[in-house]
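Undergrad: Supplied in structure tokens, the structure appears directly below.
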Amino acid sequence: MEVTLAIVKPDGVKRGLIGEILKRYENKGLRLKAAKVVTPSIELLEKHYEEHKGKPFFKPLIEYMSSGPVFAMVLEGENAVKLVRMINGATKVEDALPGTIRGDFASSTTYNVVHGSDSVESAKREIALWFPELIL
Ligand code: IDP
Ligand code: MG
């Protein structure tokens with residue numbers, strides 16, 4: 001069965017959106033396999049976002065993501081990677097449609113409430129980073 005990593009980012013946790021967001025994933029049939037509240041280290045985040053190293057938004061992104069606790073979760077289900085990306089909505093704030101998490105809750109492209117792995121390979125890599133103890 002496919003698994004993916006989803007994260008409620010610090011702005012989402014501060015705004016009390018963990019329950020609302022998890023409900024949307026569960027409503028779609030995804031199952032929670034593992035979850036934790038953690039303030040991620042800079043080291044973890046630089047690995048997590050290594051594809052974006054050198055981009056202008058990299059430093060603000062790492063600062064934002066390390067600014068407080070996040071809710072990281074492993075979700076399982078058929079097409080889990082694609083489903084979470086669809087439920088999350090588009091990256092750019094102006095493209096995120098109403099009905100998606102970002103469309104409903106994000107007002108900026110940087111502070112966009114949620115993360116979802118972008119492929120099965122990324123999901124494997126990210127789950128190993130965030131949940132090294134997890135045996136799937
Ligand atoms: P994704 O989260 O939809 O996969 P990515 O392109 O992987 O989007 O970017 C990672 C994160 O970096 C985004 O979720 C967002 O927080 C931030 N980000 C991406 N593009 C921009 C940008 O153009 N300006 C500011 N922040 C950005
Ligand atoms: Mg991405």
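The values are calculated or read from the model by the stated rules, or taken from the named source; none is laboratory data. The shown structure was predicted, so the numbers you read here are calculated from the model rather than taken from an experiment. Ideal geometry is used to build each Cβ from the backbone, glycine not excepted, and the neighbour counts take in all protein chains shown. The protein model used for the area step is the full one, side chains on, heavy atoms only, and it has no ligands, DNA or RNA in it. Shrake-Rupley method; radii C 1.70, N 1.55, O 1.52, S 1.80 Å.
Undergrad: Among the residues of segment 79-109, write down those that are within 13 Å of ligand 2 (Cβ to nearest atom) and surrounded by fewer than 16 Cβ atoms within 10 Å (Cβ to Cβ).
TA: Hits for segment 79-109 are Thr91, Lys92, Thr109.
Undergrad: Now, a different point. Could you list, in sequence order, all residues of segment 66-78 that are within 16 Å of Ala128 (Cβ to Cβ) and either assigned to a loop (DSSP other than H, G, I, E, B) or open to solvent by 10 Å² or more (accessible area, probe 1.4 Å) (or both)?
TA: Answer for segment 66-78, where residues must be within 16 Å of Ala128 (Cβ to Cβ) and either assigned to a loop (DSSP other than H, G, I, E, B) or open to solvent by 10 Å² or more (accessible area, probe 1.4 Å) (or both): just Glu76.
Undergrad: Considering only segment 110-136, state which residues are within 12 Å of ligand 2 (Cβ to nearest atom) and in a loop (DSSP other than H, G, I, E, B).
TA: If the condition is that a residue be within 12 Å of ligand 2 (Cβ to nearest atom) and in a loop (DSSP other than H, G, I, E, B), then Asn112, Ser117, Asp118, Ser119 are the ones that fit.
Undergrad: Further question: Working only within segment 32-65, note down all residues that are of a type in the set (Asp, Glu) and either within 14 Å of the chain's Cα centre (by Cα) or open to solvent by 80 Å² or more (accessible area, probe 1.4 Å) (or both).
TA: Glu43, Glu50, Glu51, Glu63
Undergrad: Right, another one. Quick one: which residue in Leu22, Leu5 is crowded, with 18+ Cβ neighbours inside 10 Å, closer than 21 Å to Glu121 by Cβ and not aromatic (Phe, Trp, Tyr)?
TA: Leu5
Undergrad: Somewhere in segment 31-39, is a residue within 12 Å of ligand 1 (Cβ to nearest atom) and farther than 16 Å from Glu126 by Cβ? Lay out the reasoning, then the answer.
TA: As a first pass, look at segment 31-39 and keep what is within 12 Å of ligand 1 (Cβ to nearest atom): none.
The answer is no, given that none of the residues of segment 31-39 is within 12 Å of ligand 1 (Cβ to nearest atom) and farther than 16 Å from Glu126 by Cβ.
Undergrad: Just to verify a result, which residue in segment 22-76, among those that are without any contact (Cβ under 8 Å) to a residue 12 or more places away in the chain and either touching a Lys or Arg at 6+ places or on another chain (Cβ under 9 Å) or of a type in the set (Asp, Glu) (or both), is farthest from ligand 2 (Cβ to nearest atom)? Quick ask: steps written out before the conclusion?
TA: Quick first cut of segment 22-76, residues without any contact (Cβ under 8 Å) to a residue 12 or more places away in the chain only: 23, 26-27, 43, 50-56, 58-59, 63.
Still in the list and also either touching a Lys or Arg at 6+ places or on another chain (Cβ under 9 Å) or of a type in the set (Asp, Glu) (or both): 26, 43, 50-51, 63.
Working: Glu26: 22, Glu43: 19, Glu50: 11, Glu51: 7, Glu63: 17 Å.
The extreme case among them is Glu26.
Undergrad: Among the residues of segment 83-104, write down those that are more than 17 Å from Glu26 (Cβ to Cβ) and in a helix (DSSP H, G or I).
TA: Of everything in segment 83-104, those that are more than 17 Å from Glu26 (Cβ to Cβ) and in a helix (DSSP H, G or I) turn out to be Val93, Glu94, Asp95, Arg102, Gly103.
Undergrad: Now for a different question. Output the qualifying pairs, or none if there are none: Cβ atoms under 8 angstrom, residues six or more apart or on different chains, first residue in segment 103-131 and under 22 Å from Gly16 (Cβ atoms), second residue assigned to a helix (DSSP H, G or I) and open to solvent by 60 Å² or more (accessible area, probe 1.4 Å).
TA: Gly116/Arg85
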